[in-house]
Amino acid sequence: MTPVCLVGIGKIAVDQHVPSIAASDDWELAATVSRSGTVEGVPAFTDFDRMLAETDIPVISLCLPPVPRFAYAAKAIAAGRHVMLEKPPGATLAEVHALQDMATAKGVTLFTTWHSRMARGVAGAKAFLADKTVTEGHITWKEDVRRWHPGQEWVFEPGGMGVFDPGINALSILTEVLPAAVHLKEATLHFPENRQTPIAAQLQFSGGISADFDWRQEGDQIWEMTLHAGADRVDLKDGGNRCLINGEEAAQAALDEYPALYARMAELMETGGSDVDLTPMVHVSDAMTLGRRETVAAFDF
Ligand code: NAP
């Protein structure tokens, strides 16, 4: 079993990483680093430098928010450890390019994980669209920030990305399944009057693709996209976990999202490769550059 250290024992570490590692025959949770969080029965550090100095755990999985993550990733790579980055992989594009250079120089694996790409319906959609031309498409990604990020002030601070924190999941799927690249043409970003990041956004891409992201959704949560390729239609539902091709359910991938990410990390380490893809984040960066800003009602948790 490969030992892994989880850093940042918060919502996603507890919800997904810890159970996925525990259920795996290939991975062992060997330590945690967190200022306050722990996992029962697992050696817990509060200081990252001390963990690096006192253990030789080969893999560090960083579950911190994007802004503080770079410093941890840089130290881990410098210490010769393989690194998994939660999505979005950084606060800026340039810092992830820097990490990529460091990982290459050090000969370690760097994996910018995009968990939604591992949703069970995504591979089927990608395979179906591979030899087609997508003519039109729409994404609806509407969820309740209070439910998924309870009290997490960082999402509304600079670098927290606001509604693009979930929206980038949709963009990670879109960029995975589209057979040809698209680029952003227009965006409208809705900033609460008391916040630094948008709570909703509408995006228009080339190729007839549009997206509607909203973090104020109460009741049913909607994570869907529909792509048309001439007369063919692909519907991805439930965050990409269900794929319908011309109305018929397509085959699903065998693993859930986070077990699939750890399986991919094992594969990358075995082959000595890295997987660093910033395409979804380029679209977010472009939206922040090109987007028209509208001020909306103040938001408080
Ligand atoms: P979170 O619970 O707010 O934060 C995770 C942990 O990071 C915290 O428990 C905290 O640990 C540590 N942390 C926060 N700020 C820090 C700082 N400035 N310096 C050092 N450590 C800090 O966030 P999360 O929801 O787990 O999200 C973390 C990442 O996972 C984000 O990039 C997010 O996009 C991604 N993600 C989240 C979800 C979700 O449903 N929430 C789903 C998929 C992916 P300590 O205070 O204990 O040190």
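The values are calculated or read from the model by the stated rules, or taken from the named source; none is laboratory data. What you see is a predicted model; the values in this text were computed from it and never measured. Cβ placement follows ideal geometry from the backbone for every residue including glycine, while neighbour counts extend to all protein chains displayed. Just the protein is used for accessible areas: all its heavy atoms, side chains included, with ligands, DNA and RNA removed. Shrake-Rupley method; radii C 1.70, N 1.55, O 1.52, S 1.80 Å.
Out of the DSSP beta bridges found with both residues in the chain, what percent are antiparallel (nearest 5)? Here the share of antiparallel DSSP bridges comes out near 50 percent. Accessible area of C5 (1.4 Å probe, protein heavy atoms only, ligands and nucleic acids ignored): about 0 Å². Taking the longest Cα principal axis of the chain as reference, the axis of helix 279-290 is set at about 60 degrees. Rounded to two decimals, the Cα radius of gyration of segment 129-187 over 2.2 N^0.38 Å is 1.40.
Among residues other than D238 whose Cβ falls under 14 Å from its Cβ, what is the net charge (Lys/Arg +1, Asp/Glu -1)? Mind dumping the intermediate values first?
On the way: positive: R120, K142, K237, R242; negative: E143, D220, E224, D235, E249, D256, E257.
Computed value for this residue: -3.
The residues of the chain present an accessible area of 44 Å² per residue when probed at 1.4 Å with all protein chains retained.
Checking the table K75/K126; K87/K132; K87/K142; K142/K185; K126/K237 against a 24 Å threshold on Cα-Cα, which pairs fail?
The pairs that break the limit, which is 24 Å between Cα atoms, are K75/K126; K87/K132.
If R0 is 25 Å, the Cβ-Cβ spacing of A23 and R147 corresponds to a FRET efficiency of close to 0.50. Carbon-plus-sulfur accessible fraction, the chain (probe radius 1.4 Å, protein heavy atoms only): 49%.
Of E257, E54, E193, the residue with the greatest mean-square motion in the GNM of the chain, using alpha carbon springs below 10 Å, is E54. Kindly express, to the nearest 10 degrees and within the range 0 to 90, the angle between helix 93-106's C-alpha long axis and the longest C-alpha principal axis of the chain. In the chain, helix 93-106 runs at an angle near 40 degrees to the longest axis. Proximity of backbone amide H atoms, modeled 1.01 Å from N, is registered between K142 and D214, I222, W223, E224 at under 5 Å, excluding neighbours fewer than 5 places apart on the same chain.
Extension gain, A181 to T295, is 37.9 nm, computed as 0.36 nm per intervening residue step minus the present C-alpha separation.
Extents of the chain, largest first, come to 57, 44, 37 Å (Cα atoms, principal axes, whole angstrom).
Each residue of segment 52-59 is assigned a 3J(HN,Hα), and the resulting list reads 5, 6, 9, 10, 10, 4, x, 10 Hz, derived from the Karplus form 6.51 cos²θ - 1.76 cosθ + 1.60 (θ = phi - 60°), x at Gly and Pro.
For segment 2-112, the antiparallel share of DSSP beta bridges with both residues in that region comes to about 0%.
Please give the net charge around Q217, taking every other residue with its beta carbon less than 11 angstrom from that of Q217, where Lys and Arg add +1 and Asp and Glu add -1.
-2
Between the Cα long axis of helix 164-177 and the first principal axis of the chain there is an angle of about 80°, rounded to the nearest 10.
Could you work out the local net charge near S206, counting Lys and Arg as +1, Asp and Glu as -1, over the other residues with Cβ closer than 13 Å to its Cβ? So the surrounding residues net to -2.
The Rg/Rh ratio of segment 25-91, with both radii computed over alpha carbons and Rh defined as the Kirkwood radius, is 0.93.
Could you give the size of the charge dipole of segment 2-112 about its Cα centre, using +1 on the Cβ of each K and R and -1 on the Cβ of each D and E, expressed in debye and rounded to the nearest 20?
340
With contacts taken as Cα pairs under 8 Å and at least 6 residues apart, segment 2-112 reaches a relative contact order of 24 percent.
Debye-formula intensities of segment 70-163, expressed as log10 I(q)/I(0) at q = 0.10, 0.13, 0.14, 0.20 Å⁻¹, are -0.43, -0.69, -0.78, -1.06 (one equal scatterer per alpha-carbon, no solvent). With the cut-off at 26 Å, report for segment 1-124 the share of all Cα pairs above it, as a whole percent. Beyond 26 Å sits 16 percent of the P(r) for segment 1-124.
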